[in-house]
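The values are calculated or read from the model by the stated rules, or taken from the named source; none is laboratory data. Note that the structure is predicted; figures quoted are calculated from it, not measured. Every residue, glycine as well, gets a Cβ built from its backbone with ideal geometry; the counts of neighbours run over all protein chains shown. Just so you know, the surface numbers come from the protein's heavy atoms only, side chains and all, with ligands and any DNA or RNA stripped out. Shrake-Rupley method; radii C 1.70, N 1.55, O 1.52, S 1.80 Å.
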Amino acid sequence: NTQLLERDPGLRPQIWVYDINQRDEICRAYIMAGPYQPRLSEYPKYGPEKHLRHAAFCLPCYLFNTPSAHPKCNAYTVNGFNVWRKVKDGKNCAFLNHVGKDPNSTHKKAEKSCEDLMRQSQHLPQVFNRYSSQEIENNRLRLKTTVEAIRYLAFQGCSFSGHDESKKSLNRGKIAEVIFDKAPKYASYISPNIQKEILHVFSMKVKKAIREKIGDAKCFVREPFFGLVHVFNTSAVTLKDEIYSLLSHNNLNIQNILGQGYDGASNMRGEWNGLQALILKDCSYAYYIHCLAHRLQLALVAVSYEIVPIHHFFTKLTSVVNIVGASCKRNEELKRAQAADIEYMISIDELKSGRGHNQISTLQRLGDTRWSSHFRSVSNLIKMFSATCSVLLNIIDDGTNAFQRGDADAAYEAMTSFEFVFILHLMKEIMAITDILCQALQSKSQDILHAMHLVSSTKELTQKFRDNGWITLLNQVKSFCRARRQEDNFIVAEHYRVNLFYAIIDCQLQELSSRFNEHAVQLLIFSSALDPRECREPFRIGDVCQLADKFYPADFTDVDKMNLKIQLEHYDYNVVQHLEFKSLSTISDLSQWLVSTRKATIFPLIYRIIVLVLTLSVSIATTEQSFSAMRIVKTRLRNKMEDEFLTDSLIMYIEREIAEKLSIESIVNEFRDMKERRIPF
C-alpha cells in the first residue's frame, strides 16, 4: 500500500530492499508525493528526537540508488548530508556540486530516470499495445525476408551491404534491396550489427546441430568446420589451450579425442613438446598422423630445392609464365601463336586431329602449396612451347621499353637451352607419376588402404622409370627438338644428361621413403585390416593382433590379446561372412552397424580397437579446403573482418548442408529471444 510508505528520509528503507516487481510503483508514489521535510515548531541544532538526523537527502538519487553505487552517493541517499559549512560557499556549494554541471552526472541521470518513469506513454508495454496486428505481421515478414536474404548471401560468400546504403544510392547492398521503403526505423534491419546478429544466430544453431549429432558417440566420423580461433602466438601450449577452450566451450569432451592430423611443422609434430605430444599426454588414444598430402608436398619440394639445376629450372619457368601472361594483349598473342603451331604440328603428323583434341589453353602459374599446379604448368608449357617462344620473340622486337625487351630476351635464352628443355620433360614424367597420389590425398575423403597403396605404387613406378626410362626420355626430347626445328641448340655432354637424370630420381625416391616412414605406414596398413572392403578376401587376423600389440599396448592386457585372437576367429565366421556386412564400405559404417546389431557387445575387444583407429587422419584435406573457403569469403566480403563475423560466415559457407535444414521461423524466434522482445514482431 503506497499510502503507508515511510516518507521520512531518515527512517525509510533503501529502495533496493523492496521487491523488484514493486519498485516502479513505489518510485512513482514517492515522486508523486514529492520531497519530505518534518514540520516542527522549532528546529533544534541537536534535538533529542532519535529519528532526526539534521541532514539533507536527495529524492531522485534515493529512488535510483543501488547497493553497488559509489560510496560518495551514500551522502545523499543513506547517511544524509549534514556538513552545513560547505553549503554557504556560493559556487562551491555542496548541493550544486552534487547536482553537477555534466549532463551525465549521477544526479541528473537520476532526474532523467524519474521523468522517464512518470512518462508512462513511452513504456514498452504501452508502446507494444499501440502496434496493430498488421504492423506486427509486417515487421515479422520483413525480418523473415531479411533472414532469407542473409542465408542466401552467406551460402554464396557475398557481402551483405554496400559502401553507400542511403536511399539515393544506386549501388545499395543486397539486404537493403529487400526492405520495403515504408519500414519503420526500428524494423528496417539494414544495420550491419543486426545482420551480423542474425548470421550469428544461424552459426550457433549450426554448431548446436553438429554437437547434437556428435553427442557422446564415438562411432560416427564426420569432419565439420567448427570454428576459427585467433591466436597471438603459435607455440604448442597456446595452440593446445585454444583447442581445449573451443571444445570445452561447446560441451565436447576432450577425453574423446581419438586422433590428430596436422602438417609437419616442429611446433605441431615435436616428439616431446609439440602440440601432438601435449595432447597425447592428456588423451592416450589421440595418435598423430602427419598429413599424407603434406608429406608428399614436402618430398616434392625437397627435390626442387636440394638439386640446384631443378631450382634454377622452376625459377626460369616462373619468369616465362609471368612475362608471357603479363597482359591481355600477350595472352591473345599466345592464343594466336598456339593456333598456328597446332596447325603446323598436325600437318607433320605430330598431333592427332579430332573433336576435343588440341584445345587452346593458357600457361599455368605455379602454386607454392599445391604441387599439382607445377605439373599443369610444365605440361602446358610443353604443349605451348613454340607459341610461347613466338610471343617472347615479339616482345624482344616490339617491347615498349628496354626492361621488357631485356626480360623477354633472358627468358627466351633460358627456355631454348638444352638444360631447360631436358628438365622440362624429365619433371613432366616424374610429376605424372606422383600427380595421381597428389590428387587423391587432396580429396575430401580418403581411405587408409587406398592411400597406402598409392604411396607404394608411386615408389615402384618411380623406381621403374629410373631403371628403364632414360632412353625413352632422351628420344622424346630429341623428337621434341626436331619437330620444332631447334635441334642445333641442344648439344651437351652425354654424361651430364645421365647424371642429372639419376640425381633427380634418386632424390625423389629418398624423400618419398623418408617422408612416408615405416612406423606411420605400418599403423595405417594394420588398421586397414578392419576395413570392410578388405575383409571380404582373407581376413587379416594377424594384422589386427599386431595393431593391438604394437600400437595400443596400454589398452589390451595379455589376457585381452589372447581373447582378441579368439574373438577375431569368431568374428571372421559370424560377421565377415554376414550378408549385411558385405554392403558396408567404410570402418565408420562398420562401427555403426556393430552397434545397431548389438554385435559390439558380443565382440567388445574388436569394437574397442575399431573405435581406436576410427578417426586416424590420413590427410588434412578438409582443413585445407576450409582455408580455401576462408580466402573466398574474405575476398568477396572484405579483407579485414572481425574474428566472430569471419567464423560465422565460414560456418554458413562450409556447412551449408546443415544450415539449409534450419527453418526460417526458428531463426526469427531465436533472434527475437536474443533481442529480449524489444521489437514488436
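Is it the case that residue 580 is among the acidic types (Asp, Glu) and loosely packed, with under 13 Cβ neighbours inside 10 Å? Yes; evaluated as a whole, the condition is true for this residue.
If you filter segment 405-458 down to residues that are of a type in the set (Lys, Arg) and open to solvent by 60 Å² or more (accessible area, probe 1.4 Å), you find that the one that is modelled with the highest pLDDT is 405. I'd like to check something: does segment 591-608 contain any residue that is over 30 Å from residue 646 (Cβ atoms), open to solvent by 20 Å² or more (accessible area, probe 1.4 Å), at pLDDT below 90 and not in a helix (DSSP H, G or I)? No, segment 591-608 contains no residue that is over 30 Å from residue 646 (Cβ atoms), open to solvent by 20 Å² or more (accessible area, probe 1.4 Å), at pLDDT below 90 and not in a helix (DSSP H, G or I).
Residues checked against (1) in a helix (DSSP H, G or I); (2) surrounded by 15 or more Cβ atoms within 10 Å (Cβ to Cβ):
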residue: 224; (1), (2): no, yes
residue: 229; (1), (2): no, no
residue: 234; (1), (2): no, no
residue: 239; (1), (2): yes, yes
residue: 247; (1), (2): yes, yes
residue: 255; (1), (2): yes, no
residue: 271; (1), (2): no, no
residue: 277; (1), (2): yes, yes
residue: 288; (1), (2): no, yes
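Selection of segment 301-335 for residues being in contact (Cβ under 8 Å) with a residue 40 or more places away in the chain, not in a helix (DSSP H, G or I) and not β-branched (Val, Ile, Thr) yields only 325. Filtering segment 12-26 to residues that are open to solvent by 80 Å² or more (accessible area, probe 1.4 Å), aliphatic (A, V, I, L, M) and not in a loop (DSSP other than H, G, I, E, B) leaves only 17. Can you confirm whether segment 91-100 contains a residue that is modelled with pLDDT under 85, open to solvent by 80 Å² or more (accessible area, probe 1.4 Å) and either in the same structural domain as residue 22 (by the TED database) or at positive phi (or both)? Yes, segment 91-100 has at least one match. Of all residues in segment 136-160, which are open to solvent by 80 Å² or more (accessible area, probe 1.4 Å) and at pLDDT below 80? Answer for segment 136-160, where residues must be open to solvent by 80 Å² or more (accessible area, probe 1.4 Å) and at pLDDT below 80: just 137. If we scan segment 177-191, do we find a residue that is of a type in the set (Gly, Ala, Ser), at pLDDT 85 or above, open to solvent by less than 50 Å² (accessible area, probe 1.4 Å) and under 30 Å from residue 137 (Cβ atoms)? Within segment 177-191, not a single residue is of a type in the set (Gly, Ala, Ser), at pLDDT 85 or above, open to solvent by less than 50 Å² (accessible area, probe 1.4 Å) and under 30 Å from residue 137 (Cβ atoms).
Residue-wise test of (1) among the aromatic types (Phe, Trp, Tyr); (2) modelled with pLDDT under 85; (3) open to solvent by 50 Å² or more (accessible area, probe 1.4 Å); (4) not in a loop (DSSP other than H, G, I, E, B).
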{"position": "28", "(1), (2), (3), (4)": "no, no, yes, yes"}
{"position": "38", "(1), (2), (3), (4)": "no, yes, no, no"}
{"position": "49", "(1), (2), (3), (4)": "no, yes, yes, no"}
{"position": "66", "(1), (2), (3), (4)": "no, yes, yes, no"}
{"position": "88", "(1), (2), (3), (4)": "no, yes, yes, no"}
{"position": "114", "(1), (2), (3), (4)": "no, no, no, yes"}
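If you go through segment 522-542 and keep only what is open to solvent by 30 Å² or more (accessible area, probe 1.4 Å) and either closer than 17 Å to residue 286 by Cα or in contact with a helix residue (DSSP H, G or I) (Cβ under 8 Å, 6 or more places away or on another chain) (or both), you end up with 522, 525, 533, 534, 536, 540, 541. What is the number of the single condition among (1) over 28 Å from residue 459 (Cα atoms); (2) open to solvent by 20 Å² or more (accessible area, probe 1.4 Å) that residue 261 does not meet? Checking residue 261 against (1) over 28 Å from residue 459 (Cα atoms); (2) open to solvent by 20 Å² or more (accessible area, probe 1.4 Å), the one that fails is (1).
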